[in-house]
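Just below is one structure, and these are the notes that go with it.
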There are 2 protein chains.
Amino acid sequence: MQLGANLPKIGSYNRAVVLETIQASDGISRVQIAARTRLTAQTVSVIVRRLLEEGLVVEDGSVPSSGGKPRTILRVDPGAGYAVGVHFDPQEISCVLADLAGRPVARSHLAVRTALSPEAVIRQMARAARRILREAGVPDGKVLGVGLACPGPLDGDGVMVSPPRLPAWDQVPIKRLLCEHTRFPVTVDNDATAAAIGERWAGTARTTPSFAYLYLGTGIGGGIFLDNQVYRGRSMNAAEFGHITVEPDGPECYCGNRGCVEALCCPSAIEAALGVPHAAACAAAARGEPAAREVIERVARRLADAAVSVVNMLDIDLLVLGGPALREVGEIYREVIAQAVTDRALARRLHAVRVETSPIAADAAAIGAASLVFHATYAPRLRTTLLGG
Amino acid sequence: MQLGANLPKIGSYNRAVVLETIQASDGISRVQIAARTRLTAQTVSVIVRRLLEEGLVVEDGSVPSSGGKPRTILRVDPGAGYAVGVHFDPQEISCVLADLAGRPVARSHLAVRTALSPEAVIRQMARAARRILREAGVPDGKVLGVGLACPGPLDGDGVMVSPPRLPAWDQVPIKRLLCEHTRFPVTVDNDATAAAIGERWAGTARTTPSFAYLYLGTGIGGGIFLDNQVYRGRSMNAAEFGHITVEPDGPECYCGNRGCVEALCCPSAIEAALGVPHAAACAAAARGEPAAREVIERVARRLADAAVSVVNMLDIDLLVLGGPALREVGEIYREVIAQAVTDRALARRLHAVRVETSPIAADAAAIGAASLVFHATYAPRLRTTLLGG
């Protein structure tokens, strides 16, 4: 059942719209904000005044206007707030300190020892977050929160539920524990959704309303933005692109399904096919060695099959490829997928679908984790803001 | 870029929310509407008074309440408005006259002669629409409009763009022409999306916020509802479930892709495998004849592969199977698909996904076409209502 809309909340929605418009621009005037948001000049002026007072936005020079009076340029003040992004991968904890513009200002990496209990690993994460803040000299008062990107599935309270590659982590309330150990508010999401939000906040999808994000890490996942909103699904587990069946009689996947993209295309499948570590396989393919090249191109074709299905299902403008497993082969993947989408997508005569590799691919999930905090704090969410849902 | 929200439009959004709440119920009181929509009692009361004045809603008896004073039951008045639904299939024009409750009150069917020009076929549709209204004695003033469900792709102006099974119909402005010939406002959508909207309005998905609809007709398509809104995609061509690749080395599909669900599972593929008409093949499978049963079960397994991918991508609560090609084999399809979703969907431990056959399957697209009119007239669309987008 749909909910009615409450009038007083429109103000905070419009505030978020204006802030996001400034954030997504490379400097913008009040007149341009009004034109893009279709808000009145007066509404924009009132909201901007408040954002300036709060220090989230700064005036940064001016440009001549056709009307004569120069227009003041507004930007988000990158130093107005910070977020720590933690990416928990089965093998590694990555940490990023990001400013309000989504730019990483510090990074750290830490191997995960498999012998440790979940609680001990979460304490490691908390220490890593504290350390990166201390070393950068960011006071607690400027920290908006900690974002955590971790393997799914997650329930609505940030509890991990049967994560397929981490059997010991079933039912671990990772959000609550990290909050207790850092004493910051924690926003959690699965790694691929976090990476998609990072792409929206700081990457190649800043101004694209609807896009899909194909995340290539230890596993394969994804994220979906529809009409400017991240789409999470009924149980926060939408966009599991890794578990699209591309070979009905293909190998069993640990997820219970068969012939999944992930089972055929993840780094361990490439390692099994070539008998060398994933990094070496990618390097060999990039150098053009035939055996490696053949395996990587076969992987690219299966990714392309899934990509065409995603495009036919979601009818989007942009597919972004990201995640650490892109390594040196991202461009091979991108070319094969872009060609497939151009040749085979059903709506290809109506509009083109861009396929791009993420400019922040390697750290996508950690930057995305930091962006979770900004996104939760600032992104305009019409439904939840107005409807209190 | 997101748009700001305009205050005065909230009223019409809330009006649509209340009307939809009444429509989706089997009789509901003002107090229940307020509880479900979280609108204030006063707002509900004002909106209901206006709906009663307009004759869209009627008071229909009362029920005792815990507080003492009996509560008046409200219902949509089915006779307050009508819509004609036209389903244009490559082989047949189906017409339905539906009342405001979404119930079909009259039906007609007309074979399409392939020799006719598109314009002549559209004139046939218009005559069929006029005839069904005349025979039912519905005056023009009670007609909200004509809904048209036709094969995609369609552009935003209701022009058919390279419909794969209708080469002569490329660039035909079917919406404009049907409007000219009927002199009613025309709402158009592709057949599968229309069927999904019909399911939402009058079928099994009335109160499910997010569901996918798998449409089995001459071709295979689909529809998606997310958070109570139909999701159409960038070019109105989302949910093309028929063009999910389920066999990467499978047969070429007319769409340009390979191994598509549609190429493997549509009626003509079943006819090719068994050498008998589709209806006979379905009847034989339903009787349990081994050869037919085997083909239908193989088709069901490929549909199930696609269904698991759809569920993993969209993380929904309900998958509805509909369309004329379900015939006697709908229950075979439903069982195989339900089992696959239960066993193989990634979030299966977090929530169950229901798989149901549509109670209005045979006429789904025509009823859906009529529902397009109601949906366009009444359904609460927060984004477009508030943002004018």
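A few points about this structure:
- Residue within the range B:326-335 that is crowded, with 24+ Cβ neighbours inside 10 Å, hydroxyl-bearing (Ser, Thr, Tyr) and within 11 Å of another protein chain (Cβ to nearest Cβ) present: no
- Among the residues of the range B:233-254, those identified as without any contact (Cβ under 8 Å) to a residue 12 or more places away in the chain and either within 16 Å of residue B:189 (Cβ to Cβ) or crowded, with 24+ Cβ neighbours inside 10 Å (or both) are B:233, B:234.
- Filtered by the rule that a residue be surrounded by fewer than 19 Cβ atoms within 10 Å (Cβ to Cβ), out of contact with any Ser or Thr (no Cβ under 8 Å at 6 or more places or on another chain) and assigned to a helix (DSSP H, G or I), the range A:125-157 gives A:127, A:134, A:135, A:136, A:140, A:141, A:142.
- Taking every residue in the range B:182-193 that is of a type in the set (D, E, K, R) and pairing it with any residue that is assigned to a helix (DSSP H, G or I) and buried (at least 24 other Cβ atoms within 10 Å of the Cβ), at least 6 positions away or on another chain, the pairs with Cβ-Cβ distances below 6 Å are B:189/B:372; B:191/B:365.
- Those residues of the range B:91-104 which are of a type outside the set (S, T, N, Q) and surrounded by fewer than 16 Cβ atoms within 10 Å (Cβ to Cβ), in sequence order: B:92, B:103
- Those helices (runs of 4 or more DSSP H) of the range B:233-342 in which 1 or more residues are under 25 Å from residue A:239 (Cα atoms) occupy B:261-265, B:290-314.
- Only residues that are charged (D, E, K, R) and away from chain A (no Cβ under 11 Å) were counted across the range B:288-308, and they come to 4.
- The numbered conditions (1) touching a Phe, Trp or Tyr at 6+ places or on another chain (Cβ under 9 Å); (2) outside any helix (DSSP H, G or I); (3) at pLDDT 80 or above are all true for residue B:351 except (1).
- Test: residue in the range A:164-172 that is outside any helix (DSSP H, G or I), within 14 Å of chain B (Cβ to nearest Cβ), surrounded by fewer than 22 Cβ atoms within 10 Å (Cβ to Cβ) and touching a strand residue (DSSP E or B) at 6+ places or on another chain (Cβ under 9 Å): yes
- Lone qualifier among B:272, B:285, B:279 - being without any contact (Cβ under 8 Å) to a residue 40 or more places away in the chain, more than 12 Å from chain A (Cβ to nearest Cβ) and more than 30 Å from residue B:227 (Cα to Cα): B:272
- When the test is whether a residue is surrounded by fewer than 16 Cβ atoms within 10 Å (Cβ to Cβ) and at pLDDT 90 or above, residue A:83 does not pass it.
Yes or no, residue by residue, for (1) in contact (Cβ under 8 Å) with a residue 24 or more places away in the chain; (2) farther than 12 Å from residue A:72 by Cβ; (3) away from chain B (no Cβ under 14 Å):
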residue: A:24; (1), (2), (3): yes, yes, no
residue: A:29; (1), (2), (3): yes, no, yes
residue: A:36; (1), (2), (3): no, yes, no
residue: A:40; (1), (2), (3): no, yes, no
residue: A:51; (1), (2), (3): yes, yes, yes
residue: A:59; (1), (2), (3): no, no, yes
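- Residue B:48 being at pLDDT 90 or above and over 30 Å from residue A:26 (Cβ atoms): yes
- From the options B:157, B:191, residue that is in contact with a Pro (Cβ under 8 Å, 6 or more places away or on another chain) and either modelled with pLDDT of 95 or more or under 16 Å from residue B:96 (Cα atoms) (or both): B:191
- Under the condition of being in a helix (DSSP H, G or I), within 14 Å of chain B (Cβ to nearest Cβ) and of a type in the set (A, V, I, L, M), the residues counted in the range A:180-215 number 2.
- Test for residue A:70: is it assigned by TED's automatic domain parsing to the domain that holds residue A:50, under 30 Å from residue A:24 (Cα atoms) and either free of Cβ contacts under 8 Å to residues at least 60 places away in the same chain or surrounded by 21 or more Cβ atoms within 10 Å (Cβ to Cβ) (or both): yes
- Looking only at residues of the range A:216-232 that are modelled with pLDDT under 90 and buried (at least 23 other Cβ atoms within 10 Å of the Cβ), we find that the one that is nearest to the other protein chains (Cβ to nearest Cβ) is A:219.
- Being of a type in the set (A, V, I, L, M), within 18 Å of residue B:318 (Cα to Cα) and at pLDDT 95 or above holds for only one residue in B:280, B:205, B:212, and it is B:212.
- So residue B:377, is it modelled with pLDDT of 90 or more, polar (S, T, N, Q) and either surrounded by fewer than 23 Cβ atoms within 10 Å (Cβ to Cβ) or in contact with a helix residue (DSSP H, G or I) (Cβ under 8 Å, 6 or more places away or on another chain) (or both): no
The values are calculated or read from the model by the stated rules, or taken from the named source; none is laboratory data. Computed from a predicted structure; not experimentally measured. All Cβ positions, even for glycine, are placed from backbone atoms using ideal geometry, and neighbour counts span all protein chains on display.
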